[in-house]
Structure formats: structure tokens, C-alpha cells
Ligand code: FES
């Protein structure tokens with residue numbers, strides 16, 4: 001704690017008043033100076049290490065996620081991660097596909113067909129980000145036994161947005177369908193997202 005005596009120690013170092021290295025006041029000053037120097041040194045060294053540990057934005061942007069679909073049964077979904085965001089991969093049943101196809105585009109807030117949201121000949125594989133387009137919560141519906149909402153797709157518990165079996169917004173405040181990321185089938189049972 002600073003005292004009146006401390007205020008007389010000049011920033012530039014010891015003075016004749018210090019009386020030499022055995023003077024207690026001088027020793028305090030020297031040790032404070034050494035600690036301050038060590039602290040600055042640690043900061044200079046730590047910064048490059050931290051920078052090396054976090055991936056650069058362009059590295060993250062180019063990263064891909066490979067997903068094996070072989071264990072996902074019709075009617076099931078899995079949650080994966082793509083570029084640090086939740087990703088839903090769902091194997092739609094024929095009934096869920098029929099429900100999505102039966103909805104007139106005129107009823108949709110963000111009109112898109114299931115066909116436009118899936119790959120040709122693979123309409124059963126619905127791959128979307130698991131990020132509600134309202135304020136970014138993770139909707140329910142991909143996990144076993146989770147509430148799929150009134151349209152059978154996904155339900156956001158934060159403010160009640162409901163998505164249908166094509167991941168399209170049907171009610172609640174979300175403005176858009178769940179986003180479909182770039183992806184490609186690299187075999188019948190493997191997709192690469194990104
Ligand atoms: Fe999903 Fe608000 S964040 S409804």
C-alpha cells in the first residue's frame with residue numbers, strides 16, 4: 001500500500017538519499033521494478049503462443065466435416081459440428097418427405113421445396129445447421145425423444161419457432177428456414193460438409 005514515504009522515490013531510480021543497497025527503501029524499489037519487468041516479459045511471450053493456438057479465420061472457413069451416414073436409420077437424426085456450429089443430419093422417412101412435398105410454397109415464409117434443400121436422388125437426407133434463424137438457439141428435434149414441434153421437424157425452445165420436416169420455418173419469430181450448408185456426397189453413405 002502506498003505511503004507518503006513511497007511518493008518520494010523517484011521514477012528514475014535511486015538517489016543519494018537512498019544511502020546504498022542496504023537501505024530498506026531502496027530494496028523495495030528494486031524488487032518492485034523486477035516484478036514489473038517480469039510481468040511485461042510474460043505478456044510479450046504469451047501473446048504469440050495464444051495467437052498460434054487459435055486457428056486463423058481463413059483456416060476455419062476452409063475446414064470441412066466428414067459424416068458417415070450409414071448408421072442413421074430412417075426417422076433418425078444426429079447432431080454433429082461444422083465450423084464450431086451445430087449441424088443436424090436427418091434421414092427422413094417416406095411419410096416425412098410426403099408431408100414436406102404436400103405443403104404449397106404459398107404457405108411458406110421462406111419458400112423452398114424439399115428438393116431444393118437436398119441433393120438430387122437423396123431427398124431423404126436433410127442436412128442443415130442446427131441454429132435457429134431467429135436469435136441463434138439450438139432447436140430441439142434431432143436428439144432421441146426431443147420435441148419436434150407442431151410441424152414434425154424442429155422446435156426452438158427459446159421463443160417457439162417451429163420448423164417442418166424440410167427444416168423450413170412454419171411458425172414463430174424465425175425469419176428463415178434452417179440454413180443448408182455446402183456439402184457433397186463422396187460415396188453413398190459419406191458426405192463432406194463445407
Ligand atoms: Fe429460436 Fe428465438 S432463437 S425462436
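Considering the conditions (1) within 22 Å of the chain's Cα centre (by Cα); (2) exposed (fewer than 15 other Cβ atoms within 10 Å of the Cβ), residue 110 is excluded by exactly one of them, (1).
One residue alone among 96, 73 is more than 16 Å from the ligand (Cβ to nearest atom) and outside any loop (DSSP other than H, G, I, E, B), and that residue is 96. Looking across the stretch 177-186, the residues that are within 14 Å of the ligand (Cβ to nearest atom) and under 20 Å from residue 101 (Cβ atoms) come down to 177, 178. Among the criteria (1) in contact (Cβ under 8 Å) with a residue 12 or more places away in the chain; (2) in contact with a helix residue (DSSP H, G or I) (Cβ under 9 Å, 6 or more places away or on another chain), the one residue 111 does not fulfil is (1).
Quick one: is residue 167 in contact (Cβ under 8 Å) with a residue 24 or more places away in the chain and under 20 Å from the mean Cα position of the chain (by Cα)? Here the answer is yes, as residue 167 does meet what is asked.
Yes/no matrix, rows are residues, columns are (1) modelled with pLDDT under 95; (2) buried (at least 18 other Cβ atoms within 10 Å of the Cβ); (3) more than 10 Å from the ligand (Cβ to nearest atom):
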| position | (1), (2), (3) |
| --- | --- |
| 130 | no, yes, yes |
| 143 | no, no, yes |
| 155 | no, yes, no |
| 173 | no, no, no |
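Here is a yes/no grid of residues against (1) closer than 24 Å to residue 65 by Cα; (2) under 21 Å from the mean Cα position of the chain (by Cα):
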site	(1), (2)
126	yes, yes
151	no, no
158	no, yes
173	no, no
193	yes, yes
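Just one of the listed residues (136, 160) is surrounded by fewer than 22 Cβ atoms within 10 Å (Cβ to Cβ), over 22 Å from residue 80 (Cβ atoms) and within 14 Å of the ligand (Cβ to nearest atom), and it is 160. The lone criterion from (1) surrounded by fewer than 20 Cβ atoms within 10 Å (Cβ to Cβ); (2) under 27 Å from residue 70 (Cα atoms) left unmet by residue 103 is number (2).
The values are calculated or read from the model by the stated rules, or taken from the named source; none is laboratory data. All values derive from a computational prediction rather than experimental measurement. Using ideal geometry, Cβ is built from the backbone for each residue, glycine included, and neighbour counts are taken over all protein chains shown.
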